[in-house]
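Take a look at the structure set out below.
The values are calculated or read from the model by the stated rules, or taken from the named source; none is laboratory data. Computed from a predicted structure; not experimentally measured. No Cβ is skipped: glycine too gets one built from the backbone with ideal geometry, and neighbour counts run over all protein chains shown.
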Amino acid sequence: MMRLSPVALVKLKHCLTGAAVLLLFCTELWFHRSTTSSLGTALTHGPHLRDSASNETLGFEKILALSSRRGWRIQGIQAAAQLTGLQVDIPVLPRNPKEFISAFENLEEDLGSLKPPHGSATTWLSHLDMLKYVVFSQFQTALVLEDDVDWDLDIRHQMI
């Protein structure tokens with residue numbers, strides 16, 4: 001029988017805890033959505049599937065772009081959306097305090113693991129903020145993109 005080191009056991013415990021929390025969150029979201037609305041079913045079943053997949057949100061309730069700054073990246077995604085007929089919203093999310101970023105960067109420091117670079121830590125926290133935005137906005141479905149994404153000009157026709 002293989003024995004795991006104390007560090008490996010702690011990492012395994014963190015992974016299993018994370019998986020359990022994710023499963024619980026997804027289960028709760030599924031139960032909440034199935035009891036409060038039939039919009040998700042209407043978008044994913046029946047004759048409207050083909051039409052909804054080629055609409056301005058590709059069948060999602062919202063297409064959201066995650067961006068930490070304004071400027072050329074925002075202009076680029078807005079121009080691409082306009083050119084392809086997509087509706088992409090770019091919500092203004094709160095900036096994470098330096099203490100949050102530092103805490104995230106140092107989560108595994110005691111275990112001897114590699115610390116995530118500053119950019120990775122801020123990106124993870126921004127994705128978490130976007131997930132909270134989606135849940136609190138009560139969107140049935142959302143496609144989340146980063147501000148450096150690109151797509152084919154013919155994406156709406158490719159979806160059907």
Checklist entry - Right, residue 121: among the small types (Gly, Ala, Ser), outside any strand (DSSP E or B), modelled with pLDDT of 80 or more and in contact with a Phe, Trp or Tyr (Cβ under 6 Å, 6 or more places away or on another chain) or not? => result yes
Checklist entry - How about the stretch 18-92: which helices (runs of 4 or more DSSP H) wholly inside it have at least 3 residues that are of a type in the set (A, V, I, L, M, F, W, C) and modelled with pLDDT under 65? => result 39-44
Item to check | Whichever residue in the stretch 65-86 is surrounded by 15 or more Cβ atoms within 10 Å (Cβ to Cβ), farther than 26 Å from residue 101 by Cβ and in contact (Cβ under 8 Å) with a residue 40 or more places away in the chain and, among such residues, is farthest from the chain's Cα centre (by Cα) | outcome: 84
Checklist outcome for this item: Picking from 110, 129, the residue that is farther than 25 Å from residue 157 by Cβ, modelled with pLDDT of 80 or more and not in a loop (DSSP other than H, G, I, E, B) would be 129
